[in-house]
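Student: I have a structure I would like to understand better, so I am pasting it below and will then ask my questions one at a time.
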Amino acid sequence: MRRRILISTLLVVTITVAVLGGPLALTTWRLVEDFTRADINSRLRQVVATLDTQVSADRAVDLSAVGIAVPPGGSLVVRTPRGVSTLGILEPGATVSETLPFGLSGSAVLSEPITEMRNRQLQATALVLAAVLLSVGVGAVVATLTARRLADPLQQVAGRAARLGAGDFRPAPHRHGIPELDRVSDVLDSSATALAELLQRERELVGDVSHQLRSRLTALQLRLDELAAHPDDDVAGEGAAALEQAERLAEVLDELLASAREARAAGAAPVEVSGELEAVAAEWRDPLRAESRTVRVRAPEGLVARATSGRLREALGVLVDNALRHGRGTVTLAARVSDNDMIVVEVGDHGDGVPPELAPHVFDRGVSGAASTGVGLALARALVEADGGRLELARTKPATFAVFLPVPRTDRTVAAPRPLPTTGPR
């Protein structure tokens, strides 16, 4: 895009220069000639005025009195009934001349070599062409700056939209100073908030529906189990058949819920966990450094989980932001393999932790221990669960949150990781 903007702007500048530069150079060439002839004509008028005075006094023509009016390298030829007088030696070649009459039958011709005029024409035209080239250079600089000013924000907005489609609902506080693009950024932030809330409502709805259906099915199965044990064989048979149908319905419900989870996690793919943690740490290193704090990453190389990169970074970013706001000391991002072959990513700090009365409700929407909105942790849990994982409060003091991620389907057996490298503090 930057290349297209640059080429189109330079093309407009080039066309403008071609349309205006040629006529301007031609006009300059002719103006120099007009000025030269006007100067010669002005000098000649002074000469003729002096000669008229001499002729009217019936004196012989004295050219020494008008020698100052002859241009360098030029000549003055005066014709009268008494003869021809010449002042100055004109070099062979083309000349620029002007002629004026004086007296009763006299005439004066003032000439100068055309090379003088040509030199001035070339100098003036060269200045015009230099100005044209300078205009092209300025246009190229302006085009480059304009292309960069437009292309970079457009690429950032496009990247923001791509991350939004991948499940990264973080707002982008940076604005570009271009009203139209800033408006698009505002709309993307609003859409991200709306999608995050929609995802949260969907998770809550699925959980509520699942809980209610399971409760009702369990109660129904208990009643049918009693009917299956009825002394009457006909009633017992009907009860057993109904119980079998209820069990099949429970299996169908489990399959539907599993399919819904698979559909939400359709964008999940194998991701290298240490790379994701390093990316999150790099994003939050400067905000933490501004608070005189550091971030540390501990993750074995080659550890692969199945997740959506945007969702995972968003969820981990919420946890790091929570540690920045409510915790103290170094923030640690660590990854390991759990006993049930899941990848566990832990985010912790050295603060006072989560109050005991808040711990059971820390993931509830609208619940916060400070002046925050109470939306972040609920959103983080929704994002993790959308990829088939789960988010838990592993330890209350100091606060440590654990993200459990599934491994790729083709690699359910995870080899024991190598010793954990430590990155940080930086």
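The values are calculated or read from the model by the stated rules, or taken from the named source; none is laboratory data. Please read these numbers as outputs of a predicted model, since none were measured by experiment. Glycine also receives a Cβ, built like all others from the backbone with ideal geometry; neighbour counts cover every protein chain displayed. Heads up: the accessible areas ignore ligands, DNA and RNA and are worked out on the full protein's heavy atoms, side chains in. Shrake-Rupley method; radii C 1.70, N 1.55, O 1.52, S 1.80 Å.
Student: Right, Leu379: open to solvent by less than 80 Å² (accessible area, probe 1.4 Å), at pLDDT 75 or above and within 17 Å of Asp321 (Cα to Cα) or not?
Tutor: Yes; evaluated as a whole, the condition is true for this residue.
Student: Residue by residue through the stretch 282-312, note down the ones that are surrounded by fewer than 24 Cβ atoms within 10 Å (Cβ to Cβ), in a helix (DSSP H, G or I) and in contact (Cβ under 8 Å) with a residue 24 or more places away in the chain.
Tutor: Selection gives Glu283, Trp284, Arg285, Pro287, Leu288, Ser309, Gly310.
Student: For the stretch 385-426, how many residues meet the condition of being in contact with a Leu (Cβ under 6 Å, 6 or more places away or on another chain) and either part of a strand (DSSP E or B) or at pLDDT 90 or above (or both)?
Tutor: Matching residues across the stretch 385-426 total 2.
Student: State the number of residues belonging to the stretch 107-134 that are under 30 Å from Leu26 (Cβ atoms) and open to solvent by less than 60 Å² (accessible area, probe 1.4 Å). Can you show your working first?
Tutor: Restricting attention to the stretch 107-134, the residues satisfying the condition of being under 30 Å from Leu26 (Cβ atoms) are 109-134.
Now drop any that are not open to solvent by less than 60 Å² (accessible area, probe 1.4 Å), which leaves 109-114, 117, 121, 124-126, 128, 130-132.
Going through the stretch 107-134 one residue at a time, the tally reaches 15.
Student: If you don't mind, there's one more thing I want to ask. When you scan the stretch 19-40, how many residues do you find that are open to solvent by 30 Å² or more (accessible area, probe 1.4 Å), of a type in the set (Gly, Ala, Ser) and either farther than 22 Å from Gly73 by Cα or modelled with pLDDT under 90 (or both)?
Tutor: In the first step, residues of the stretch 19-40 are kept if they are open to solvent by 30 Å² or more (accessible area, probe 1.4 Å); the result is 19-20, 22-24, 26-27, 29-31, 33-35, 37-39.
With the extra rule that they be of a type in the set (Gly, Ala, Ser), the set shrinks to 22, 38.
Still in the list and also either farther than 22 Å from Gly73 by Cα or modelled with pLDDT under 90 (or both): 22.
Counting residues in the stretch 19-40 that are open to solvent by 30 Å² or more (accessible area, probe 1.4 Å), of a type in the set (Gly, Ala, Ser) and either farther than 22 Å from Gly73 by Cα or modelled with pLDDT under 90 (or both) gives 1.
Student: Return yes when Ser338 is polar (S, T, N, Q) and open to solvent by less than 30 Å² (accessible area, probe 1.4 Å) and no when it is not.
Tutor: Taking the combined requirement at face value, the residue satisfies it.
Student: For residues in the stretch 300-358 being in contact with a Phe, Trp or Tyr (Cβ under 8 Å, 6 or more places away or on another chain) and of a type in the set (Gly, Ala, Ser), which is nearest to Glu392 (Cα to Cα)?
Tutor: Gly348
Student: Another question about this same structure. For the stretch 359-368, check the following and say yes or no: at least one residue is farther than 28 Å from Glu197 by Cβ, of a type in the set (Lys, Arg) and at pLDDT below 85.
Tutor: Looking for residues that are farther than 28 Å from Glu197 by Cβ, of a type in the set (Lys, Arg) and at pLDDT below 85, one finds none in the stretch 359-368, hence no.
Student: Among the residues of the stretch 347-358, what is the count of those that are at pLDDT 90 or above and surrounded by 19 or more Cβ atoms within 10 Å (Cβ to Cβ)? Steps first, please.
Tutor: Step one: of the stretch 347-358, the residues at pLDDT 90 or above are 347-350.
Narrowing the set further to residues that are surrounded by 19 or more Cβ atoms within 10 Å (Cβ to Cβ) leaves 347-349.
Total satisfying the criteria: 3.
Student: Another question, if that's okay. Cβ-Cβ under 6 Å, sequence separation 6+ or interchain: first residue in the stretch 320-332 and among the charged types (D, E, K, R), partner open to solvent by less than 30 Å² (accessible area, probe 1.4 Å). Which pairs?
Tutor: Pairs that qualify, where the first residue is among the charged types (D, E, K, R) and the partner is open to solvent by less than 30 Å² (accessible area, probe 1.4 Å), are Arg328/Gly351.
Student: Right, another one. Quick one: which residue in Ala147, Ala65, Ala161, Ala94 is open to solvent by less than 30 Å² (accessible area, probe 1.4 Å) and in contact with a helix residue (DSSP H, G or I) (Cβ under 7 Å, 6 or more places away or on another chain)?
Tutor: Being open to solvent by less than 30 Å² (accessible area, probe 1.4 Å) and in contact with a helix residue (DSSP H, G or I) (Cβ under 7 Å, 6 or more places away or on another chain) holds for just one of Ala147, Ala65, Ala161, Ala94, which is Ala147.
Student: Another question about this same structure. Mind listing whichever residues of the stretch 296-329 are at pLDDT 90 or above, more than 15 Å from Phe401 (Cβ to Cβ) and β-branched (Val, Ile, Thr)?
Tutor: Matches in the stretch 296-329: Val297, Val304.
Student: In this structure, is Leu104 assigned to a loop (DSSP other than H, G, I, E, B) and within 27 Å of Asp58 (Cβ to Cβ)?
Tutor: Taking the combined requirement at face value, the residue satisfies it.
Student: In this structure, is Arg59 surrounded by 13 or more Cβ atoms within 10 Å (Cβ to Cβ) and not in a helix (DSSP H, G or I)?
Tutor: Criteria not met by Arg59.
Student: Can I ask one more? Quick one: would you say Val320 is β-branched (Val, Ile, Thr) and assigned to a helix (DSSP H, G or I)?
Tutor: yes
Student: So Asp182 ticks every box in (1) in a helix (DSSP H, G or I); (2) over 30 Å from Leu256 (Cα atoms); (3) modelled with pLDDT under 75 but one. Which box is left unticked?
Tutor: For Asp182, the failing item is (3).
Student: In this structure, does Val84 turn out to be of a type in the set (A, V, I, L, M), open to solvent by less than 60 Å² (accessible area, probe 1.4 Å) and in a strand (DSSP E or B)?
Tutor: no
Student: Kindly establish whether Arg43 is open to solvent by 40 Å² or more (accessible area, probe 1.4 Å), under 30 Å from Gln123 (Cβ atoms) and touching a helix residue (DSSP H, G or I) at 6+ places or on another chain (Cβ under 7 Å). Break it down into steps so the answer makes sense when it comes.
Tutor: Values: open to solvent by 40 Å² or more (accessible area, probe 1.4 Å): yes; under 30 Å from Gln123 (Cβ atoms): yes; touching a helix residue (DSSP H, G or I) at 6+ places or on another chain (Cβ under 7 Å): yes.
So Arg43 passes the test.
Student: For the stretch 330-346, enumerate the residues that are out of contact with any Pro (no Cβ under 8 Å at 6 or more places or on another chain) and at pLDDT 90 or above.
Tutor: Scanning the stretch 330-346 gives Val331, Thr332, Leu333, Ala334, Val344, Val345, Glu346.
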